[in-house]
Amino acid sequence: MELSGNTDSVTVTISHLSLKEKAHVTCPVLKNDSVKLFVAYNFLGIEPEELETPFSLPKPKANLPITYNFTKTFQVDMQNNYERRQYLAAMLLPDDPEQGRIRFTVVSDPSDDDDMDAECEDIGVAFVSVKEILMSKKDFEEQNVEICDVKNDQGVIGSLNVTVKCLAALEAVEKEMQIEGTY
C-alpha cells in the first residue's frame, strides 16, 4: 500500500471536454461545425508543444463529451529535475503570475477544408489550482472545471474533465521551502 504518494512526480490527465448548448453564442468560432479542438496547458516551464493533446477532435455536439485521455507524468525529483521542482515551488509563492494555477487552453484547429491561411485560435481557458490541492490535502481527480470564453471570462462555454496528481510532491516541496537554502 502506498502511504504518501510519489514526492518526485506530478501527473496531469486531460480526460474529456464538453461544450454547452449555447457556447457558439459567446464564442463565434464554434458556429463552424467543421472546427476541431485540442487542449494545451502551461506547466513547469516545459515547451508548450509537449503539453498539447496529440490530436484535434471534431467539435462535439452540445453536452456530449469528446475524449482525449491524454496523460503526462512529470519527474520533479531534486537530483535530476531541479529546475522543474523550482517551477513547482514557485507556483506556491504569492507572486506567481498564474496564482498557483495550471492554465488549460482550448484551441480551435481549422479543418483541412477551410481556408489554408486560417490559424488556430484560443477559444477558452480552464484552471486547476495547485495551491487548493495543497490546502485541501487532496489530489484533483477526474473533476470538471469550467471552460470560460477566452474573450469573456464570465461566459462559460463548457467543461473540461481533468486530473492533477501532485499532492505528495507539493507537500515535499513545501517542506523544502521552509528549510533555508533548498529553494
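The values are calculated or read from the model by the stated rules, or taken from the named source; none is laboratory data. Please read all numbers here as calculations on a predicted model, not as lab measurements. Please note: Cβ atoms are built from the backbone with ideal geometry, for glycine as well, and neighbour counts cover all protein chains shown. All accessible areas refer to the heavy atoms of the entire protein, side chains included, with ligands and DNA or RNA removed. Shrake-Rupley method; radii C 1.70, N 1.55, O 1.52, S 1.80 Å.
The sum of -39500 (n - 2.57) across all DSSP H runs of n ≥ 4, divided by the residue count of the chain, sets its helix-only mean residue ellipticity at 222 nm to -4500 deg cm²/dmol.
Both radii were evaluated on the Cα set of the stretch 69-167; the Rg over Rh quotient, with Rh as the Kirkwood radius, amounts to 1.05.
Charged side chains reduced to their Cβ positions (Lys and Arg at +1, Asp and Glu at -1) give the stretch 11-113 a dipole of some 500 debye around its Cα centre. Computed in the context of the full set of protein chains, the accessible area of the chain at 1.4 Å probe radius has 47% of its extent on carbon or sulfur. Couplings for the stretch 144-160, taken from phi via the Karplus curve 6.51 cos²θ - 1.76 cosθ + 1.60 with θ = phi - 60°, read 8, 10, 5, 9, 9, 4, 5, 8, 8, 5, 8, x, 8, 9, x, 9, 10 Hz in order; Gly and Pro are left as x. Annotation: peptides 81-87, 145-151, ranked by per-residue average of other Cβ atoms within 10 Å with the highest first, follow the order 145-151, 81-87.
At q = 0.14, 0.24 Å⁻¹ the log10 of I(q)/I(0) for the stretch 15-79 amounts to -0.52, -1.06, computed by Debye summation with a single uniform scatterer per C-alpha, solvent ignored. For helix 167-177, what angle does its Cα long axis make with the longest principal axis of the chain, in degrees from 0 to 90 and rounded to 10? Orientation of helix 167-177: about 50 degrees from the principal axis.
Based on the inverse mean of 1/r over its pairs of different Cα atoms, what is the Kirkwood hydrodynamic radius of the chain, in Å? Could the numbers behind the result be given before it?
On the way: mean 1/r = 0.0576 Å⁻¹.
Computed over Cα pairs of the chain, the Kirkwood hydrodynamic radius comes out at 17.4 Å.
Over the stretch 1-158, accessible surface divided per residue gives 58 Å², non-protein components excluded, 1.4 Å probe.
For the set Lys72/Lys137; Lys137/Lys175; Lys31/Lys151; Lys20/Lys131; Lys131/Lys175; Lys72/Lys151, the pairs lying more than 26 angstrom apart at their alpha carbons are Lys20/Lys131; Lys72/Lys151.
The stretch 132-183 has equivalent-ellipsoid semi-axes of 31, 14, 7 Å, by the square roots of 5 times the alpha carbon gyration tensor eigenvalues, sorted largest first.
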